[in-house]
Amino acid sequence: MKNISILGSTGSIGTQALEVVDACGDVCVHALSAHSNVALLSEQIRKYKPQKACIMNEDLYSALKLSVADTSTEIVCGMEGLCDIASLSSVESVLTSVVGNVGLLPTLEAINAGKDILLANKETLVTSGSIIMPLAKEKGVSILPVDSEHSAIFQSLQGNEHNRISKILLTASGGPFFGKTRDELKGVTKADALNHPNWSMGAKITIDSATMMNKGLEVIEAKWLFGVESEDIEVYIHRQSIVHSMVEFEDRSVIAQLGNPDMKLPIVYALRYPCRDVAVGSRLNLFDIHTLTFDKPDPDTFECLSLAYRALSQGGTMSAVMNAANEIAVEKFLKGEIEFLQIPEIIKSAMDAHTPTLDFTIEDVLKADAWAREYSAQQ
Ligand code: NDP
Ligand code: MG
């Protein structure tokens, strides 16, 4: 039996992870969490009977407690509760599938408690990768990527531990606006931006895919996970989302991982690593796909990708500022308060106004994050 906690169990990754848990049959869920979806969290508590469940929105604590009063699950709330369920003594692994930099403190708590991390919450590595990776090494815990591209890179590295990566070829679907010019992006709606061609995901990451900030975040995530410099991470637009990413080695061989676009594949790999003994999703049929294409990204239209490379080259707390400004800008776009093209404008403005602290602590990250949220909210 493998015992796990799932942070963000009511989301897109969280619910798919529970489907994978069902398929495995030998994984026991000891803790679950949501931000505010009391109904779904209650349903999950009844089905999985976890020791503890956390509701982030403290105003909903009583409602959740009442809703599952007949169960033996202990209800906790807020950041304290999230950190508590991330470090339960009975679990070996924690799936971090909350959205945003809110995942940072519970991830640190889990690492400090010696838990392996099944990492979906990329924002944590974007803001604090230089702190998290050495801490994980020091505590002897594994960071197993759930993001499909990083899972593909990790899979391509198996058996190659002693070979140097010469380049990472990071694939991107291009999102709903691939091939459009800046002019054509004027006035696009929330519904247009949420209409992703290949993946069904939470709202924030779907907008990040439309702006290509998602790929920017993933370039930074790849740098920290695999210790590769940003100039050696190249983005390829691959519309079919079949090749999930590739690694080039010094002998110029390129190793790739392929599969249908289904997040259950990287989830099951992280959960059962290094075994491949549970089938999830459908078989890849390359005769149906027929053609695999690769294009260069358009940095003028999709400025967010360039902003991420800029954040990496400026270093320090700049990535935290970029990430927080993006979280606020996406929230504003989803509320209909700003236009699509204002998302990169807000992020750039916050980055221009910030002087990064280069040698930084978690407190510096939290301070930069809070500053960027306030600054961006006022734009
Ligand atoms: P969703 O929005 O679908 O789910 C987010 C989860 O986190 C929900 O359980 C939500 O609870 C909870 N949550 C939201 N805000 C907070 C908060 N402030 N504090 C605590 N919990 C919160 O997101 P996704 O599942 O799409 O994404 C989760 C993470 O995984 C992100 O970092 C994303 O970048 C990454 N990822 C996602 C992929 C995907 O296919 N979806 C692919 C690769 C990476 P509630 O339901 O109550 O709102
Ligand atoms: Mg991804």
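No value in this document is a laboratory result; all are computed from the given coordinates. All values derive from a computational prediction rather than experimental measurement. All Cβ positions, even for glycine, are placed from backbone atoms using ideal geometry, and neighbour counts span all protein chains on display.
Using the structure shown, decide if Lys215 is surrounded by 15 or more Cβ atoms within 10 Å (Cβ to Cβ), charged (D, E, K, R) and touching a strand residue (DSSP E or B) at 6+ places or on another chain (Cβ under 9 Å).
Details: surrounded by 15 or more Cβ atoms within 10 Å (Cβ to Cβ): yes; charged (D, E, K, R): yes; touching a strand residue (DSSP E or B) at 6+ places or on another chain (Cβ under 9 Å): yes.
Answer is yes for this residue.
So which strands (runs of 3 or more DSSP E) are wholly in the range 111-217 and hold at least 3 residues that are away from ligand 1 (no atom under 13 Å from the Cβ) and in contact (Cβ under 8 Å) with a residue 24 or more places away in the chain?
165-172
Check whether at least one residue in the range 17-37 is part of a helix (DSSP H, G or I), within 23 Å of the chain's Cα centre (by Cα) and among the β-branched types (Val, Ile, Thr), and report yes or no.
Looking through the range 17-37, at least one residue is part of a helix (DSSP H, G or I), within 23 Å of the chain's Cα centre (by Cα) and among the β-branched types (Val, Ile, Thr).
Mind checking whether some residue in the range 78-95 is within 13 Å of ligand 1 (Cβ to nearest atom), farther than 27 Å from Ser142 by Cα and surrounded by 24 or more Cβ atoms within 10 Å (Cβ to Cβ)?
No, there is no match, as no residue in the range 78-95 is within 13 Å of ligand 1 (Cβ to nearest atom), farther than 27 Å from Ser142 by Cα and surrounded by 24 or more Cβ atoms within 10 Å (Cβ to Cβ).
If I filter the range 109-134 down to residues being of a type in the set (A, V, I, L, M, F, W, C), out of contact with any Ser or Thr (no Cβ under 8 Å at 6 or more places or on another chain) and more than 16 Å from ligand 2 (Cβ to nearest atom), which single residue comes out as farthest from Met318 (Cα to Cα)?
The residue in question is Ile111.
Is it the case that Asn323 is under 20 Å from the mean Cα position of the chain (by Cα) and either without any contact (Cβ under 8 Å) to a residue 12 or more places away in the chain or closer than 20 Å to Ala120 by Cα (or both)?
yes
Please count how many residues of the range 103-160 are polar (S, T, N, Q), closer than 24 Å to Phe360 by Cβ and surrounded by fewer than 24 Cβ atoms within 10 Å (Cβ to Cβ).
Final tally of qualifying residues: 2.
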